[in-house]
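Visitor: There's a structure below that I have some questions on.
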Amino acid sequence: MNELLLACILGILVVAPAAAQTCGDATGDDTVTVTDGVQALREAAGLSSACDEGCDVDGSGAVTVSDGVNVLRKAAGLAINEACEFTGQEANGVVTPSLSVFGAMTKVPGVGENALAAAGECDNAEGSIATVGFGNSSATTFTACRLGPAIVDGTIGRAVLAQGVVLGFDDFRVTHAETGETHTIDGQLGVSDVQGTGKRIAGTLTVISSKRGSFTLLFQRILLAGDGSVRQGSLIYDLSKTTGGTIARIQIDFSDAALLPAVVTLRTQQVKQFLLDRNAGVLLPAV
């Protein structure tokens, strides 16, 4: 009996994992036919269908008429851009935690116009922020400090140099409160005053994701207003050298709007259009 039980356990352990569903295959038979296209169109119309993840051919996170048309094209032997493995959740796993960096910047004295008043404020009672000054420099340390959807730990240094103000990040860690994914941030950003408007931020940070490896975060003429909101400039994520994943690049263009355009470029060179809900800090499919 023991030998039989052991054999069963070993059999379970060595069984091969199930293969991923073929992109465009609604019926689960590993082929793409006109029937699959019809099923995708039914799903897009809100009708009952056999669709699973295979129907979302473009990886937008929803099955639309475009997916149905692409499945029909694939069934006819025509070329389509497939991105079944891409989801909006993957993009949000990159974007949402890193946006908390802006909230942290406003806590650094001399960066946000209201920074001195905001210092020491976390969204959670157990979190803390402490600033130590020395001459023209200061260091603001965050400990288990919740800022929006993330927990931040580490130090942001501020130094006044001949060429302007520099913010230094050294093992500054941002943890997504829901998923637990961490982004460890290093590097420097230049900060300059924009009279009566806020602070202009530019530079590149290196980010190490617990799930994706290393990528770069480029700040292009970011305008951080006195209330801590970002009003101008672009934030670019270069994930082209990360391990795994389907995303090569994300660009968010800031303005005064509540919903901001965000372009996600996949490794296949396919481009996805999203909108960043700046209040929730999440990307939504642009429809």
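Each reported figure results from applying straightforward, stated rules to the coordinates on display, with no laboratory input. Predicted, not measured: the structure shown is a model, and the values here were computed from it. Every residue, glycine among them, receives a Cβ derived from its backbone with ideal geometry; neighbour counts consider all protein chains shown.
Visitor: How many Lys pairs in the chain lie less than 22 angstrom apart by Cα atoms, where the lysines are 8 or more positions apart or on different chains? Don't jump to the answer; show the numbers that get you there.
Guide: Numbers: LYS74/LYS272; LYS107/LYS199; LYS211/LYS241; LYS211/LYS272; LYS241/LYS272.
Pairs that pass both the separation and distance tests number 5.
Visitor: Where Lys and Arg each count +1 and Asp and Glu each count -1, what net charge lies around GLY190 among other residues with Cβ under 15 Å from its Cβ?
Guide: Counting the neighbours of GLY190, the net charge comes to +3.
Visitor: To the nearest 10 degrees, how steeply does helix 34-44 sit against the main Cα axis of the chain, on a 0 to 90 scale?
Guide: It works out to around 40 degrees.
Visitor: Can you give the angle from 0 to 90° between the axis of helix 2-14 and the longest principal axis of the chain, with both taken from C-alpha atoms, to the nearest 10?
Guide: Here the helix axis deviates by roughly 70 degrees.
Visitor: Under a Cβ-Cβ cut-off of 14 Å, what is the net charge of the residues other than VAL95 that fall near it, where Lys and Arg count +1 and Asp and Glu count -1?
Guide: Values: positive: LYS211, ARG212, ARG249, LYS272, ARG278; negative: GLU90, GLU178, GLU181, ASP238, ASP253, ASP277.
Computed value for this residue: -1.
Visitor: Suppose a student asked you for the relative contact order of the stretch 90-285, using Cα pairs under 8 Å spaced at least 6 residues apart; what percent would you report?
Guide: Details: 504 pairs, mean separation 26.5, N = 196.
It rounds to 14 percent for the stretch 90-285.
Visitor: Okay, moving on. To the nearest 10 degrees, how steep is helix 65-75 against the longest Cα principal axis of the chain, on a 0 to 90 scale?
Guide: 50 degrees
Visitor: If you don't mind, there's one more thing I want to ask. What does the extension gain come out to for VAL132 and ARG231, with contour length at 0.36 nm per residue minus their alpha carbon separation? All intermediate terms of the calculation are to be shown ahead of the outcome.
Guide: Working: separation 99, 0.36 × 99 = 35.64 nm, distance 2.89 nm.
Fully extending the segment from VAL132 to ARG231 adds 32.8 nm.
Visitor: Here's something else I'd like to know. Using a 7 Å offset from the Cα along the Cα-to-Cβ direction at both THR243 and GLN195, what is the distance between the two label points in nm, to one decimal?
Guide: 5.1 nm
Visitor: Taking the Cα centre of the stretch 90-285 as the origin, how large is its charge dipole in debye, to the nearest 20, when only Lys and Arg (+1) and Asp and Glu (-1) carry charge on their Cβ atoms? Please report the intermediate quantities before stating the final value.
Guide: Numbers: 15 positive and 17 negative charges, 109 e Å.
About 520 debye.
Visitor: Still on this structure, please answer the following. In debye, nearest 20, what is the charge dipole magnitude of the stretch 46-202 about its Cα centre with +1 on Lys and Arg Cβ and -1 on Asp and Glu Cβ, if you could check?
Guide: 640 debye
Visitor: Pull out the extension gain between GLN89 and VAL34, defined as 0.36 nm times the separation in residues minus the alpha carbon to alpha carbon distance; nm, one decimal.
Guide: Details: separation 55, 0.36 × 55 = 19.80 nm, distance 2.93 nm.
Computed gain between GLN89 and VAL34 is 16.9 nm.
Visitor: Based on the Cβ-Cβ distance from LEU161 to THR268, what FRET efficiency comes out when R0 is 45 Å, to the nearest 0.05?
Guide: On the way: r = 43 Å, r/R0 = 0.95.
It comes to 0.55.
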